Amino acid sequence: MKKTVSKFLSVAVLALATLGTSCSSDDSSNTSSTFVLVQNDLKGDINDGEVILRANQTYNLTGRLIVKDGATLTIEAGARIVASSPSETSPAIRYIAVAQGGKINVQGTATKPVVMTAETTNPGAWGGLVICGKAPINKGLTASAEVSDLTYGGTIAADNSGSIRYLRIEYSGYAYNADKEFNGLSLFGVGSGTTIDYVQIYEGSDDGIEWFGGTVNASHLVVYNTSTMVGDDLFDWTEGWVGTGNFWYGKRTNAGNRGVEADNNSNNHLATPISNPTINNLTLISSGSSTGNENQGMKLRVGTKAKFDNVVLANWTTGFDVQHDESVGFVGTDLKATNVKFVNVTNKAVGKNTAGTAVNVDGVYTENTSATGAGNGETLPTWAQGWTTGF
């Protein structure tokens, strides 16, 4: 009798273990949302609850995926999202967007980053990731995001759109037309309650990461471009971004544009809140060539403020290019880079006022030949090794 009972219990335990394993590998399990998750056809609107993309699984993105107000998209470590190419039968642009009130939780690790990529391994193959929050912008109380038409902006500085850790976005930058294209990671009015840490943009055809206002902080960022199809900036901000950045490493080996393009507001240079981030531990590396005359480590214009410290600029024609009366007026006080190391930079700083007349802006920087930038000077920093690609 004891033997029989023991055997029965053993079978029961095995059955439960098997059931548990089956549930954990079922990609549509453990979700409280009405969204129907199809692993090979990921698209649509997540309107409620939480949708989970499982660890180490691959999901085929076949259209736009929108996380709506009140919903959450969780992506576990090692998951891959692969955007298919638009076709006559499936023409929709592939991208992922988080609307105001929605959340995305990317749970990558240093050994198992989450990867968002494309089946066509060329820049511009898909749209990348767009996040829209409720933090202040200077374009108006709210505005409509240029690449998703979602509303962004508001009055909640500490707004929380989720958490992103160890995420790699590859081959993004899909272009609607010559004037409207996706970045790798677009942050529209994203609040300081959001976590952004350890993100790489690889081979995107437009800007790597761009902030449109907001207060979000972002650390351990890598943007790396080599393709001849890439032509814009590594990092970009506008519309009143006032967050902080720490440990950024940007490198291009192609003829792209600037390391940083920094704006306040093109229509009203003193619109508030004025763009005023604080960036520490920054490395920007160029190939030494550019598409036109835009080979600048940093282009600071239309009223932006910013504070930089511990900066390495390598192989740029111009280190700092400051433009327009308002930004020129901030030089040395509200617009300044301290502890800068120049490596093979032809012109350390150039400036022009709004009328186009050359002005002296040497006060925008102080030098330190021992500056380490993102950690290892021109070399890929230790914190970026293992989970990034292309190096």
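The values are calculated or read from the model by the stated rules, or taken from the named source; none is laboratory data. Being a predicted model, the structure only gives us computed values, none of them experimental. A quick note on method: Cβ atoms are made from the backbone with ideal geometry, for glycine too, and the neighbour counts reach across all protein chains shown. Note: accessible area is taken over every heavy atom of the protein model, side chains too, but ligands, DNA and RNA are not part of it. Shrake-Rupley method; radii C 1.70, N 1.55, O 1.52, S 1.80 Å.
By its C-alpha gyration tensor, with a ≥ b ≥ c as the square roots of the eigenvalues, how is the chain shaped: rounded for a/c under 1.5, else prolate for a/b larger than b/c, else oblate?
Details: a/c = 2.16, a/b = 1.88, b/c = 1.15.
Verdict is prolate for the chain.
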Using a 1.4 angstrom probe and counting only protein chains, how large is the accessible area of Ser32 in Å², to 10? 90
Cut-off under 5 Å, modelled amide H: who pairs with Val302 long-range: Gln323, Ser327
Anisotropy class of segment 142-187 from Cα gyration tensor, a/c 1.5 cut: oblate
For the chain, what is the calculated [θ] at 222 nm in deg cm²/dmol (nearest 500), taking -39500 (n - 2.57) for each run of four or more DSSP H residues and dividing by its residue count? -2500 deg cm²/dmol
Solvent-accessible heavy-atom area per residue, rounded to whole Å², over the chain at 1.4 Å: 39
When we measure straight from the Cα of Lys68, which lysines land under 24 angstrom away, once same-chain ones fewer than 8 places off are left out? Lys43, Lys103, Lys134, Lys139, Lys180
Please check which bits of segment 189-220 a label hung off Ala110 would reach, taking the label as a point 7 Å along Cα-to-C-beta and the cut-off as backbone N under 16 Å. 197-200, 220
Can you give me the solvent accessible area of Ile274 with a 1.4 Å probe, rounded to the nearest 10 Å²? 30
Centre separation in Å (Cα based) which lies between segment 180-237 and segment 113-164: 10
Would you give the gap between the C-alpha center of segment 249-306 and the C-alpha center of segment 52-109, rounded to a whole Å? 29
Counting sequence-distant residues (5 or more places) and residues on other chains, those with an amide H built under 5 Å from that of Ser163 are Ile104, Asn105, Val106, Thr195
Kindly sort Arg168, Arg301 by accessible area of their heavy atoms, largest first, with the probe set to 1.4 Å. Arg301, Arg168
Estimated distance in nm for a label pair at Glu50 and Thr338, the labels positioned 7 Å out from Cα along Cα-to-Cβ: 4.3
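Starting from the alpha-carbon convex hull of segment 100-206, give the projected area averaged over all orientations, in nm². Before the final figure, lay out the partial values.
Working: hull surface 27.1 nm².
Over all viewing directions, segment 100-206 projects a mean Cα-hull area of 6.8 nm².
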Assign one of three labels to segment 45-95, namely rounded, prolate or oblate, based on the Cα gyration tensor with a ≥ b ≥ c the square roots of its eigenvalues; rounded applies when a/c is under 1.5, prolate when it is not and a/b is larger than b/c, and oblate otherwise. oblate
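For Thr34, Thr238, what's the largest-to-smallest order of accessible area, 1.4 Å probe?
Numbers: Thr34 105, Thr238 20 Å².
Result, largest first: Thr34, Thr238.
Please give the length that would be gained between Ser90 and Phe391 if that part of the chain were fully extended, namely 0.36 nm times their separation in residues minus their C-alpha to C-alpha distance (nm, one decimal). Let's see the in-between values first.
Working: separation 301, 0.36 × 301 = 108.36 nm, distance 3.40 nm.
Roughly 105.0 nm would be gained on extension.
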Give me a comma-separated list of calculated 3J(HN,Hα) values for segment 323-331, in order, Karplus coefficients 6.51, -1.76, 1.60 applied at θ = phi - 60°, integers in Hz, x for any Gly or Pro. 9, 6, 3, 5, 5, 4, x, 7, 4
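Order Met298, Met229 by their accessible area, 1.4 angstrom probe, all chains in place, largest first.
Working: Met298 0, Met229 105 Å².
Most to least solvent-accessible, the answer reads Met229, Met298.
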Probe radius 1.4 Å, ligands and nucleic acids ignored: give me the carbon and sulfur share of the accessible area of segment 145-266 as a rounded percent. 42
Whole-Hz ³J(HN,Hα) for each residue in segment 208-222, computed from phi via Karplus 6.51 cos²θ - 1.76 cosθ + 1.60 with θ = phi - 60°, x for glycine and proline: what do you get? x, 10, 10, 9, 10, x, x, 10, 5, 9, 8, 10, 6, 10, 10
Quick check: the angle from helix 2-25's long axis to the longest principal axis of the chain, C-alpha only, nearest 10 degrees? 30
Kindly write out, for segment 59-72 in residue order, the coupling ³J(HN,Hα) from the Karplus curve 6.51 cos²θ - 1.76 cosθ + 1.60 (θ = phi - 60°), rounded to whole Hz, with x marking Gly and Pro. 10, 9, 7, 10, x, 7, 10, 10, 9, 7, 3, x, 9, 9
